Structures are given as C-alpha cells and as structure tokens.
Amino acid sequence: MFYYRKEIDGLRALAVLPVIFYHAKFEFFKGGFVGVDVFFVISGYLITSLILKEQKEGRFTLLNFYERRFRRLLPALFFLIFCSIPFAYLFMPPGELLDFGQSVAATALFSSNFLFWQEAGYFAEASFNKPLLHTWSLAVEEQYYLLFPLFMIYFRKWGTIWILSILAIAGIISILAAEWGSIYRPIPAFYLLPTRGWEILIGVFAAFYLTNKKQNYEIFNKGMTEILGFFGLALIFYAVFNFDERTPFPGSYALIPTLGTLLVILFTTPQTLLGKLLSFKPILGTGLISYSLYLWHFPIFAFSRMRTTDQELTTFSYFILIGISFVMAFLSWRYVERFFRDRSKLQRKSVFFIASICILLALFFALVNAKTEGFKERFLYPTPQLIKTKGEFGKYVDYRFINSSHIKFNQNDNRTKLLIVGDSFAKDITNTVFESSLRHQFQVSTYFGGDCLFKKLCYANTNKKIFFDLVKDSEQIWLASDWNTVEVDFLHEFIKDIKKQTKAEVYIFGTKNFGRIEFTKYLNLSLEERLLIRNVQVKRYIEVNSYMKHELKDLNFIDLDTIYCQDHLCTIFDSKGDLLSFDSTHLTKEGAKFFGDKLSELFLSKTN
C-alpha cells in the first residue's frame, strides 16, 4: 500500500544536488547528471503507486490524475519561465533570444526535449547558456504522464501479469534502443522518451512489487536489508563520481544509478539506518524543495554566465549562485508549489484555467519574440546574422549524417579533392571553403559523424565502407571538431587508419571559442569601439589547443587562434563590425567569409 515516505524525499535531495554541482562544473561531481536518472526512477515509483492505490479503491480517473500533475508541475515551472523572460530580454542578443523564445513555447507544450535534441548535445559547451535546457527531463516525464495512465486504464482488465509482461517487453526494447543510441545516435538517445522510458519503468516495477507485497513478508533479514539499501546508495555515488560526458549514455551504464535507486526504494524504510539518514532534516528539507531547486539553479547559472566575459565563473561564484538557487527554490516551494497543491484554496476549474492562461501567455511571448526577430530594436547597431542564426553553419552541407547517401568526388573535376571530416565545427570549415576563393581550389565532399566520431567506441561502429570510399578518393583531408583531450589522444590511431587507405595530406584544425563579452553591451557600440574590445578566451579551449600543439607536433595542425588572435587580442568582429560567431563557437556567414579568406592565404602559401 502506498504511504508517504520521508526517505524518498531524502533521496530526491541526493538526486538534485549532484545535478547542481555538475552544472556548476565541480570536477568531483563529473557524473552528477545521473541525478536525473534517479528522478526518473522515483517518478515511475511514486506515480504508479498512486495509480495502483486509487485503482484498488475504485476512484482513479484521468481528470484527477492530470489535475494532480498540473498542480505539482506547472505552477512552479511557469513561475520560473515568467521570471526568466525579463533577464533573457536584458542579457540575450536577438538570435539567442529567438532560441529562448522557442524553448519557452516548447516547454509550455511539454516538448522541449525534441527542441534541444535538434539544437545541440546536452554536454556541448554552448548548451550551458540555454536557460531552459534542463526542462528536457520534465518533458520526458510529462510525455510519460500522458501515456502511462491511459495504458493502466486500458489494460487493467487484463490483469497484473499481462500488464507487467507488456511493460517488461517495452522496457527491454527501450534499454536496447538506449544502448544502440548511446553509440550511434547519442543526442536523441539522451533526450527522448523511447530511450529513457526503461528508467521510469524500473520505478514502475518497484511500485507493483511494494504495492502487492504482503504486509509482514520480507525476503531478506534486517541486516541484509540494510546492506542492500546502502549498496544501492553506493551505486548512485559511483556513477556520480566516476561517470563523465564521455560515458556512453543512457545505455547499459545507466543501469548503475537506476538499479541503485531501485535498491534504495525497495530496501530503505524509516526503521533502517539509511532511512534515518535520508530523513535527516537538512537532507529532507532539500528533498522537499528539490523540484523548485532543480528548476531554478540552471537559469540562474546560465544568466550569470552571460554576465561574465569568459563564461568561466569561479568556484566561489557558483557557491553564491547555489545559495541564491536555494533561496528562490524555498520561495517557490513555500508560496507557489504549496499554494497550488492545496485543494482548499484552489478548485479544479481554477487550476485548469490558470494553467491554460499560462500556456497561452508563454506562446504569445514566443510569437511576439519571433515576429520582432528577438526584439532587435533594443540595439542601435543590430547585425543581420544575429537575427538569422538557425541553420547558418549547416547551410552548405552536402553530407549531413553518417548513414546518409554521400556525394562522391567528380573524377572529371580538376580541383583538389578535399574531404572534410568531423562535427558541427567541420560544417563551419565547410562553409569557409564555400564562402571564399578556396571553392575554386577545392572540390569538397564531407563526412559528418556528429559529436562522437573521434571517440574510439563510436569510430569502431562507423560505417567504414562509406567513410573509406571517400577517403580513398581524397587528395586532402581536413579534420575539425570541438575537441577534448580524449579525442586528441585517439587522433593518432584515427589518422593511422586513414593513412592505410590513402596518400592524401591530413590537416587537423584546432578548436575555437570567441568568448561572450556581454552581447547586450557591445551591440550598442560603434564600429571603432567594437574592434577595440579585448576578447577573453574560454579556459578549456586554450588548454585543449595547447595540448593539441604538443601532442600533434608531428602532424599538420592548424591553430585557429593564431588566425583571429594577435598578442592575445582576439577579435569577434570582422572589419565591418559584423560578428564572426553567433553562439561563441559556431560561425556566422560573415565569420565563414573571414576565416575563408584567412585560410585561402594560408593554403595559397603552402602551394607556392
């Protein structure tokens, strides 16, 4: 039978804190993102327990279910959204504000996970400046809430065995899809319900077991129960402290934190030592406000990063921001969450009416934002590429994804056959060719493998036939990516494999980042003032490029920093004052022209 469990609220605290510390870039919590997986299991358990309880009592209805979900989720969410809009208006340039408006609309329609899947990977540096990125997990849960009650109503007459069998099959299919997706399609696998559903189903099975367990029947003795509870907690902590962005996720590795959560749910009670620890007041209090805390911390971090010149907040700054997040979370819980959950203060009709108004207001903002092109009239000198950022860097791409039909080289074309390989940074390089005189020098084909091509596991599962067919016909090969040190370490093996297939020259382009420099300030500056701005590079990019110079000294390495930086002064504008990048890492059309001209000079000198 379902009853309130303090230890579950304590477990929520242990789920939300690692997520916050991960987003604060605390190195020790490099796998803190698994806190979301803990939340998925908890949600599956709690929601299913309530449904089973009400079905047993004969009072379960869809209307009651959705009313509870509306009361629980939407008030705090819309409170956050409407508080975020003024800061987005003040801090974001038109292009970014357009993206933000889309995320507001998608969040209001419970589909933000689809939007962020199309925009960028969760671990991409630019994603940390999307104030509503974290709502992807809410969208996954909301989509589950839409489908699961309907399933439980329809299949109830079939009996528990049939329900569990169908759910088991769905869970197996989901985890297999997640395992495949974590290797071949990591971004959609991370964001979408079909590859996340199995985690929620683990909680569903826990609810069925505990609901149907006989009152005084225990499989294990007290000592073993204590051990299993702490073992589950250890599994969660192992994932938090040992996983990182390179861990294939959410495939089989996600079993570690989710099964750990299952063990805690099954074997922790108010009488066990772990139950008492999780019910400790500071932990319990954090768990009670965990939903609002999850909502508030990410936009607070994101807007704060927008006010720094190098996107790198100090550890001390993050502790201050975490404190602010706790304050806002408490206020949200005390005056928003509790108010709307109190049925004596708001009737059902009022809840649905307010929710509908909030959704319409969010959509209205998104529409006005789109019509005004990100409220571009805010700036004295708005530039066209700030308005039209969507699809800029993929504009000239012939070959987009690994399994797409590729374009072979034309053997009757006398230009040098150039193959460009990599992720969205390789798409940038492709655009530089098409936007410069290099297009007369090179015939281009491309092979874009997303953000994991240069990881050993992903490369091992690449369609080698397509790839090597292009490699064999190439005369030059350019490799470009948003590199990390693991990918750099693998490059020697990657290039060695290429060299077995071709005599083509291979060039490696360093990573790039232009920094931010407070967009809303410099857009109101004159051309002369813009060109005098000192740009501070993001620390990680400097370190990676330095590492590449050292590790790839025997290879053809092109340091892009040397092209747009002189004496540590790095321009983010061309000679007309137009921005080279719209998101600090990817090139605008003007940026592609700027780099194209620089690369033309470089490769012209190499041929002379």
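Computed from the coordinates by the stated procedures, all read-outs in this text should not be read as laboratory data. Here the structure is a predicted model, which is why all the values come from computation and not from measurement. Cβ: placed from backbone, ideal geometry, glycine included. Neighbour counts: every protein chain shown.
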Aspartates and glutamates whose Cα lies under 13 Å from that of Lys456, excluding same-chain neighbours fewer than 8 positions away: Glu487, Asp489, Glu493, Asp497
Dimensionless Rg/Rh of the range 220-298 - Kirkwood Rh, Rg from C-alpha atoms: 1.03
In nm, spacing of pseudo-spin labels at Lys349 and Ile324 (7 Å Cα→C-beta vector): 4.2
Inter-label distance, nm, simple model (7 Å from Cα along the C-beta direction), Phe434/Lys25: 3.2
Angle in degrees between helix 424-434 and the longest Cα principal axis of the chain, rounded to the nearest 10: 30
Nearest 10 degrees, 0 to 90: helix 193-212 Cα axis against the chain principal axis: 10
Order of Ser127, Ser332 under a 10 Å beta carbon neighbour criterion, fewest first: Ser127, Ser332
Ascending count of other beta-carbon atoms within 10 Å, so fewest first, for Thr48, Thr585: Thr585, Thr48
Qualifying lysines (Cα of each under 19 Å from Cα of Lys371; at least 8 residues distant if same chain): Lys388, Lys390
Nearest 10 degrees, 0 to 90: helix 136-155 Cα axis against the chain principal axis: 40
Members of Lys30/Lys408; Lys455/Lys576; Lys130/Lys512; Lys408/Lys593 lying beyond 30 Å, as alpha-carbon distances in this model show: Lys30/Lys408; Lys455/Lys576
Evaluated over the chain, the Cα radius of gyration and Dmax, each in Å: 26.2, 86
Cα-projected label distance for Phe468 with Leu146, points at 7 Å along beta-carbon direction, nm: 4.5
Residues of type lysines that Lys222 reaches as a straight line, Cα spacing below 25 Å, ignoring anything fewer than 8 places off in the same chain: Lys6, Lys213, Lys214, Lys276, Lys281
Rounded to 5, the percent of DSSP beta bridges in the chain classed as antiparallel: 15
At R0 = 41 Å, FRET efficiency that the Cβ-Cβ distance of Arg69 and Ile227 yields, to 0.05: 0.70
Computed [θ] at 222 nm, helices only, for the chain once each DSSP H run of length n ≥ 4 contributes -39500 (n - 2.57): -19500 deg cm²/dmol
Computed magnitude of the charge dipole of the chain (debye, nearest 20; Cβ of K, R +1, Cβ of D, E -1): 2120
